[in-house]
1. Percent of alpha carbon pairs in region 132-213 separated by more than 14 Å?
2. Percent relative contact order of region 24-75, based on C-alpha pairs within less than 8 angstrom and at least six residues apart?
3. Could you let me know the centre-to-centre spacing of region 239-302 and region 82-136, using Cα atoms, in angstrom?
4. Looking at region 99-310, send over the antiparallel percent of its DSSP beta bridges, to the nearest 5.
5. Relative contact order for the chain: what is it in percent, counting Cα pairs under 8 Å that are at least 6 residues apart?
6. Please give the peptides 48-55, 281-288, 254-261 ranked by average Cβ packing (other Cβ atoms within 10 Å per residue), highest first, as a rough proxy for protection.
7. So, by mean Cβ neighbours within 10 angstrom, what's the order for 233-240, 71-78 with the highest one leading?
8. Report which label in (1) 46, 38, 15; (2) 29, 24, 20; (3) 37, 20, 19 holds the value of semi-axes √(5λ) of the Cα gyration tensor in Å derived from the coordinates of this structure.
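Only the coordinates and a few stated rules stand behind these numbers; no lab work does. Since the structure is predicted, the reported quantities are computational estimates derived from the model, not experimental observations. Neighbour counts run over all protein chains shown; Cβ positions are idealised from the backbone, glycine included.
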């Protein structure tokens, strides 16, 4: 059970103000539907009015002007963000104590900081480094020469191939694979395939989070790089020699072919695919299930397969939904046309 925190203290930490009893004590967090009297919840806007009227929460974070009834409220212009910050204060993550589990294997030439934790079933290869306060949960595998920075969290089953490098405060969700060989093959004289050696690395910079079962392939010669603050969702695939820009976001099942460049703060939504050697500009938006076959400029907004300008694609889709109606109208007009009364046209023999 978390220690209680007075709402006045919590609001002060968030830089917000309280309306109502600021001495209310909060212990946890919950949704509008499930929160109890000791919990904090949040509402993004007035559309949540019905739930606000029935919630049992002890307090709520809501924007100015949203009616919260009798609920004590912390007013915030960014309720989702401030709720996330409040949740970290109220329910901090439990970190394993520093040390090495007896069932972990660590090469004598590896360098594991004394404040790090290495869990059961982990394997840390020769020359690998694990930085201060980093956590390797069960069955994490670090090949030779892997470098893990400070305050990183690698969840169960992650695999980091040789020479992969993580910056500080990187989070890898379960099953992430970094540094597998890129999908590179050359056709030989017999028409078969021969693997092209992959000599590059994967470099992940500070404050990156990569979701469960995502994969990032090593470069063929140079590095595949995930820049500072980028976020990759579950099941994202990044091929060899790609560069994902600072604070870019790739959503579930998005896939990048080889040598793609994703700009700073770009957003690639779920199940979108980007062809090889394409450049997605800074702050660009790629809609869900899009197939990107040419460069997208900075600030561009595209959707569809093949991709096109977002507003134009939406107009095309709206017209497509009307095709059955339009087809019926054309057939009706054809039946009314002169010479089409069942006896054939004037030119028929």
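1. In whole percent, the long-distance tail amounts to 63.
2. Working: 107 pairs, mean separation 16.5, N = 52.
For region 24-75, the relative contact order is 32 percent.
3. If you average the Cα positions of each part, the centres end up 32 Å apart.
4. For region 99-310, the DSSP antiparallel bridge percentage is about 10.
5. Details: 979 pairs, mean separation 21.2, N = 349.
Result for the chain is 6 percent.
6. 254-261, 281-288, 48-55
7. Descending packing order for the listed peptides: 233-240, 71-78.
8. (1)
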